[in-house]
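The values are calculated or read from the model by the stated rules, or taken from the named source; none is laboratory data. Keep in mind it's a predicted model, so treat the numbers as computed, not measured. For neighbour counting, all protein chains shown are included, and Cβ atoms are generated from backbone atoms with ideal geometry for every residue, glycine included. Areas reflect the complete protein model, heavy atoms only, side chains present, ligands, DNA and RNA absent. Shrake-Rupley method; radii C 1.70, N 1.55, O 1.52, S 1.80 Å.
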Amino acid sequence: MKLTIGYFYPKDLNLYGDNGNVEILEYRARKRGIATEVIELATSTDFLSSSSTNINLVFMGGGPDSGQKAVYQDLISNKKRFFQTYLNTGGVGLFICGAYQLLGNYYKSADGSILEGLGIFDFYTEHFGNHKPRCIGNVKCNLAPQLVADPCMKQLPRPSNYLVGFENHGGRTYLSSGLSPLALVATGSGNNGDDKTEGLHVKNTFGTYLHGPILAKNPHFADFLLAKALDCPLLPPLDDTLVNQAHHAWLNM
Amino acid sequence: MTIKIKLCALLAKLTHYLLKITRLGNGYTLPGKLCLYFYPSLLSTDSFSFSKGLIFISGTNGKTTTTKLLTDVLRSHSYSVITNMSGSNLERGLVTSLLLGVRFSLTKGFTFKYDFGVFELDELVLGRVLARMLPDVLCLLNISRDQLDRYGEPDLILTNWASAITTGFQTKPQNHQTVIYDQTDDLLVTLCNTLSLSDMVTCVPFDATTTFLQLTKLKGTFNAKNINCVQKVAAKYGITKAQFELSIKNVTHAYGRGELIKYKGKSFLLHLAKNPASFEHNLDLIKDDMAPETAVVLILNNNIPDGKDVSWIYDIPQVKLAYTLHGFQTIYVSGTRCLDMAVRLHYCGIDVPPEHINPHLKSTLTAIVANPLVKRAVVLPNYSAMLACRKLLLGKSIL
């Protein structure tokens, strides 16, 4: 059993400490004696090397405008096919903020210009300009029902069925009617501040606007991703007294 | 000086005095805020001039230290200097300092007479201030991530600065414009390369060499750069290297930055650590303090001056954080977001005992004082935590 994390664009897409998510996955895997490797994939990385085929968990974080611009061409030209195949065949992937937005059909800026996304899932994101305030603040949301009912999730000790985190985004995402969100918002904006959805869940693809980093705030979600990547083994529990306490403190904020 | 400015000066002084005697505040922000409410274009009026020069200092880290160092050096050469050493660096802080600097006497009336004005300015307000009041020298220390939910990414600050500087300096004759910048900061090099093309601005770089630093009690690369920046300003005004070296021998830290406070028989060494760059810098500094009887205290708040979100603690390099903290036998974690910090440490392989994790700073300090194994504590607080710490240890948060 080996965890191989494909960490995309670590230098360009690294906002709000999202790199911490990879550190946390590594920690939680290694503590259980699971062999773990992190493969960093940048714009310059030769993507044909065989090690990329062993990836069983993909991570891509949020980034500033300049970071997203820097990776965009490489993503669309060189990495698109990998993501399409990997995600459509049930590969586990966590995509935060700008990375999440790029999985959709397009991103529409305030000036009306359209940036084409990877088009893997049927949704779009729109920025309405300065007269609509950014979505910034603490978020508390209920995990989508299918995730709560997932056998992989059910066997995990969980501090709650919530996800908590911090959002900061100007773009508002609208999922097509067939797509499930990751969670349903109790406090905060989530995808767009209107329909109470937060993030995206399709097969084993997880998109979210939650920073924190998200896995620091939600140890059960970290373990869920780990378990999914490794075909749902029964993971020995860790001493999560402190991390659960922190999760509850966030819930009560 | 116009009547309006004179009235503002009186209002500012009265407000400042009332705040001080009622202990409702430090008195370095509200006076300016009030006056700007009645007179929003106060800074545009050219009412404040200096016989030698006006200097603004901005950047993510080092503003307060550099402002203090420059003020101390200029005063040691017998120049009269007005400054905002309280750290109140928004527009209202600048206005408060200027108005409090207005003097009144029966023989001379209202006067404002200083050789130099040396003011630190918050990175986000620099652009707005430059649109109203132009300095002779602008010191740009560095740009890095800090309070993302307030400032946005450094790129945005850079763009804001570039346009404010070019627009602002277009109105001043060319030989009065100097920008002094850190040549090791890529973003600033980019900015200054653009500015140099415009013929309106002279850009003077400073580096991280430690020749001057070694003459002082200050430590660390940050301080080497701060001192080198000050030396460039001093050189512009005719202070030779030899004179400069003499005047920096006795410079001291700004409050909260490498400040040693003795409290109930123990020593507390405060190193302000408010963003990834300054935290990492302080990790390098505190390696020298590792000893069995020295505890390390991390205090993380998320009050208004700190930025609401604390995920920046994951931008502190994991290996350096783990390696440095493993060298200390006793660790305490406090502040409103102590749990977030404790979780961060947990994922670095450092498990702080639960009884050492406490959001109440006073209880933490009491516990340290009561701990017989601890004689000394190195404290890494972020901004409001540093003020709270000073208040408890010294009885005053700023001055």
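For the range A:28-143, what does the convex hull of the Cα positions come to per residue, in cubic angstrom?
Hull volume normalised by residue count: 155 Å³.
If R0 is 35 Å, what FRET efficiency do you get for B:Ser267 and B:Met1 from their C-beta distance, rounded to 0.05?
The value I calculate is 0.15.
So what J values fall out for the range A:188-200 if you push phi through Karplus, 6.51 cos²θ - 1.76 cosθ + 1.60 with θ = phi - 60°, rounded to Hz, Gly and Pro as x?
x, 9, x, 4, 8, x, 10, 9, 6, 8, 10, x, 9
By how many nm would the segment from B:Tyr323 to B:Asp288 grow when fully extended, if each residue of separation counts as 0.36 nm and the alpha-carbon distance is taken off?
Answer, rounded to one decimal: 11.3 nm.
State log₁₀ I(q)/I(0) for the range B:209-296 at q = 0.12 Å⁻¹ as given by the Debye formula over alpha-carbon point scatterers of equal weight, solvent excluded.
Once normalised to I(0) and log-transformed, intensities are -0.45.
Sort all Cα-Cα distances of the range B:344-393 into consecutive 5 angstrom bins from zero, then give the percent of pairs in each bin up to the one containing the longest distance.
4, 16, 24, 28, 19, 8, 1
May I ask you to give the solvent-accessible area per residue for the range B:160-302, in square angstrom, as obtained with a 1.4 angstrom probe?
43 Å²
Excluding residues on the same chain fewer than 8 positions from B:Lys68, give the aspartates and glutamates whose Cα lies under 17 Å from its Cα.
Leaving aside aspartates and glutamates fewer than 8 places away in the same chain, those within reach of B:Lys68 are B:Asp115, B:Glu120, B:Asp122, B:Glu245, B:Glu259.
Assuming R0 = 45 Å, what is the FRET efficiency of A:Ala186 and A:Thr89, from their Cβ-Cβ distance, to the nearest 0.05?
That gives a FRET efficiency of 0.85.
Note down the nm distance, to one decimal, between modelled labels 7 Å out along Cα→Cβ at B:Gln170 and at A:Ile39.
5.2 nm
Quick test of your reading: applying the under-4.7 Å Cβ rule, which cysteines of chain A are isolated?
Here A:Cys97, A:Cys135, A:Cys141 come out as lacking a disulfide-compatible partner, given the Cβ-Cβ threshold of under 4.7 Å.
Mind giving me the FRET efficiency for A:Lys69 and B:Leu14? R0 is 35 Å, r the Cβ-Cβ distance, nearest 0.05 is fine.
0.10
What is the gain in length, in nm to one decimal, between B:Thr184 and B:Lys249 on full extension, counting 0.36 nm per residue of separation less the C-alpha to C-alpha distance?
Stretched out fully, the B:Thr184 to B:Lys249 stretch lengthens by 20.9 nm.
Filter B:Lys20/B:Lys287; B:Lys6/B:Lys52; B:Lys52/B:Lys225; B:Lys217/B:Lys241; B:Lys274/B:Lys375 down to the pairs with a C-alpha to C-alpha distance above 28 Å, please.
Distance filter (> 28 Å) returns B:Lys20/B:Lys287.
Classify the range B:268-399 from the C-alpha gyration tensor, please: rounded if a/c falls under 1.5, else prolate or oblate depending on whether a/b exceeds b/c.
rounded
Once the convex hull of the C-alpha atoms of chain B is built, how many Å³ does it hold per residue, rounded to a whole number?
144 Å³
Which order do peptides A:196-204, B:267-275 fall in by mean Cβ count within 10 Å, highest first?
The packing order, highest mean first, is B:267-275, A:196-204.
In straight Cα distance, which aspartates and glutamates are under 15 Å from A:Lys69, not counting same-chain residues fewer than 8 positions off?
Counting by Cα, and skipping residues close in sequence, A:Lys69 has these aspartates and glutamates nearby: A:Asp12, A:Glu116, B:Glu153, B:Asp155.
Using only protein heavy atoms and a 1.4 Å probe, report how much of A:Thr53 is accessible, in Å² to the nearest 10.
110 Å²
Step through the residues of the range A:137-144 one at a time and calculate ³J(HN,Hα) from phi using the Karplus curve (6.51 cos²θ - 1.76 cosθ + 1.60, θ = phi - 60°), rounding each to whole Hz and writing x for Gly and Pro.
Values per residue, Gly and Pro as x: x, 6, 10, 10, 9, 8, 3, 4 Hz.
Going Cα to Cα from A:Lys154, which lysines come in below 20 Å? Please leave out same-chain ones fewer than 8 positions away.
Here the lysines satisfying the reach criterion relative to A:Lys154 are A:Lys203, A:Lys217, A:Lys228.
Write down, largest first, the equivalent ellipsoid semi-axes of the protein assembly as shown in whole Å, where each equals the square root of 5 times an eigenvalue of the alpha-carbon gyration tensor.
After diagonalising the Cα gyration tensor, the semi-axes are 46, 29, 23 Å.
I'd like to know how the range B:1-105 sits against the 2.2 N^0.38 Å rule of thumb: what's its Cα Rg over that expected value?
1.09
Express as a percent, rounded to the nearest 5, the fraction of DSSP beta bridges in the protein assembly as shown (both residues included) that run antiparallel.
Taking every DSSP beta bridge with both residues in the protein assembly as shown, the antiparallel ones total about 35 percent.
With the contact rule set at Cα under 8 Å and sequence spacing of 6 or more, what percent relative contact order holds for chain A?
Averaging sequence separation for qualifying contacts and normalising by length gives 21 percent for chain A.
Points 7 angstrom from Cα along the Cβ direction at B:Lys232 and A:Gln155: gap in nanometres?
Going from the B:Lys232 label point to the A:Gln155 one covers 6.2 nm.
Cα gyration tensor of the range A:1-42, axes a ≥ b ≥ c as square roots of the eigenvalues: rounded (a/c below 1.5), prolate (a/b > b/c) or oblate?
Here the range A:1-42 falls in the oblate category.
Could you look at the range A:95-182 and say what percent of its accessible area is carbon and sulfur, using a 1.4 Å probe and all protein chains?
51 percent
Per residue, how much space in cubic angstrom lies within the convex hull of the C-alpha atoms of chain A?
Per residue, the Cα convex hull of chain A comes to 113 Å³.
Give the list, by residue number, of cysteines in chain B with no other Cys Cβ closer than 4.7 Å, or say none.
By the Cβ distance rule, which asks for a partner under 4.7 Å, the isolated cysteines are B:Cys139, B:Cys229, B:Cys338, B:Cys348, B:Cys389.
Taking each pair of different alpha-carbon atoms in the range B:99-145 once, compute 1/r for the pair, average those values, and report the inverse of that mean as the Kirkwood hydrodynamic radius in Å to one decimal.
For the range B:99-145, inverting the mean 1/r across all distinct Cα pairs yields 13.4 Å.
List the equivalent ellipsoid semi-axes of the range A:86-200 in whole Å, largest first, each obtained as the square root of 5λ for an eigenvalue λ of the Cα gyration tensor.
The three semi-axes for the range A:86-200 are 25, 18, 10 Å.
Quote to one decimal, in nm, the extra length available between B:Thr194 and B:Phe38 on full extension: 0.36 nm per residue of separation minus the C-alpha distance between them.
Length difference between fully extended and current span is 52.4 nm.
Please compute the average number of Cβ atoms from other chains found within 10 Å of each residue's Cβ in peptide B:308-317.
6
Label 7 Å along Cα→Cβ of B:Ser397; the range B:61-96 residues with amide nitrogen under 20 Å?
B:62-65, B:84-96
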